[in-house]
1. Can you name every residue in the stretch 146-186 that is open to solvent by less than 30 Å² (accessible area, probe 1.4 Å), in contact with a helix residue (DSSP H, G or I) (Cβ under 6 Å, 6 or more places away or on another chain) and not aliphatic (A, V, I, L, M)?
2. Is there any pair linking a residue in the stretch 157-173 that is closer than 13 Å to ARG119 by Cα to one that is acidic (Asp, Glu) and modelled with pLDDT of 90 or more, with Cβ under 6 Å and at least six apart or on different chains, and which?
3. Of the conditions (1) open to solvent by 20 Å² or more (accessible area, probe 1.4 Å); (2) under 22 Å from ALA89 (Cα atoms), PHE142 satisfies every one except a single condition; which number is it?
4. From (1) at pLDDT 95 or above; (2) over 23 Å from VAL59 (Cα atoms); (3) aliphatic (A, V, I, L, M), pick out the condition that doesn't hold for ALA106.
5. Would you list the strands (runs of 3 or more DSSP E) that sit entirely within the stretch 31-98 and hold 3 or more residues that are open to solvent by 40 Å² or more (accessible area, probe 1.4 Å) and either out of contact with any His (no Cβ under 6 Å at 6 or more places or on another chain) or modelled with pLDDT of 95 or more (or both)?
6. Restricting to the stretch 99-120, give me the number of residues that are open to solvent by less than 50 Å² (accessible area, probe 1.4 Å) and either among the polar types (S, T, N, Q) or under 23 Å from VAL163 (Cα atoms) (or both).
7. Does ALA103 meet the test of being under 15 Å from the mean Cα position of the chain (by Cα) and more than 23 Å from LYS148 (Cβ to Cβ)?
Amino acid sequence: MNRWILAGALILSTTAAAAAGGTVKTKTPAQAVAALVRFAPPKGWSVVEYANAGGADPVLRFENLSDAVQIRLFGAPGSDYPTEKDFLAGPAATERGAAASDAGTAVVAGKKLALRRRRFSIEVSDPHHPSSGKSLMGTEVFCVLPLKDGRFAVLAYRRESPVPDLRQKGEKAWEAFLKTVRPKGR
């Protein structure tokens, strides 16, 4: 019976919103990112999109084997990181509680942005061997791009493998990606 009450309430709220001239569409994470940032994704990489913080923090991620280039948006109401300072002090930007290290600079949309590097644990397990106690570590290089309305984008390149890419295919794709990024509405 409760199921029918819930279904009826949902129909009534959808009908009321439509009657008021509103729509009941929510943006996908890709649409939310595209509304604030223009870019050319790495060619041939697969796309993954999701959102954290109940949808307030959309993520658009391009993957190729162990490499990923991603855009994460923060600063919206309900965001896990309301400000850049909150983000840089939080677990998404630190390495086991320590600040990420300096990794130089990059020019993005005509602005010189600080690059930061951090390592993160990679969960790889083999049920046939006991754990050595040491975590395998991947690396992430990221920068923070201010957007309109106090929001900001975190642009990142992640290598989810402890083995370096000697050809640097992922790093080259990341550098090419950064050259195409432009905030909308500025």
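1. Of everything in the stretch 146-186, those that are open to solvent by less than 30 Å² (accessible area, probe 1.4 Å), in contact with a helix residue (DSSP H, G or I) (Cβ under 6 Å, 6 or more places away or on another chain) and not aliphatic (A, V, I, L, M) turn out to be PHE152, TYR157.
2. So the pair list comes out as ARG158/GLU140; ARG159/ASP67.
3. (1)
4. Unmet for ALA106, out of (1) at pLDDT 95 or above; (2) over 23 Å from VAL59 (Cα atoms); (3) aliphatic (A, V, I, L, M): (2).
5. Here the list reads 46-52.
6. 6
7. Judged against the criteria, ALA103 is not a match.
The values are calculated or read from the model by the stated rules, or taken from the named source; none is laboratory data. Computed from a prediction, not measured in an experiment: that's the story for all the values here. Note: ideal-geometry Cβ built from the backbone for every residue, glycine included; neighbour counts use all protein chains shown. These accessible areas exclude ligands, DNA and RNA; they are computed on the full protein's heavy atoms, side chains included. Shrake-Rupley method; radii C 1.70, N 1.55, O 1.52, S 1.80 Å.
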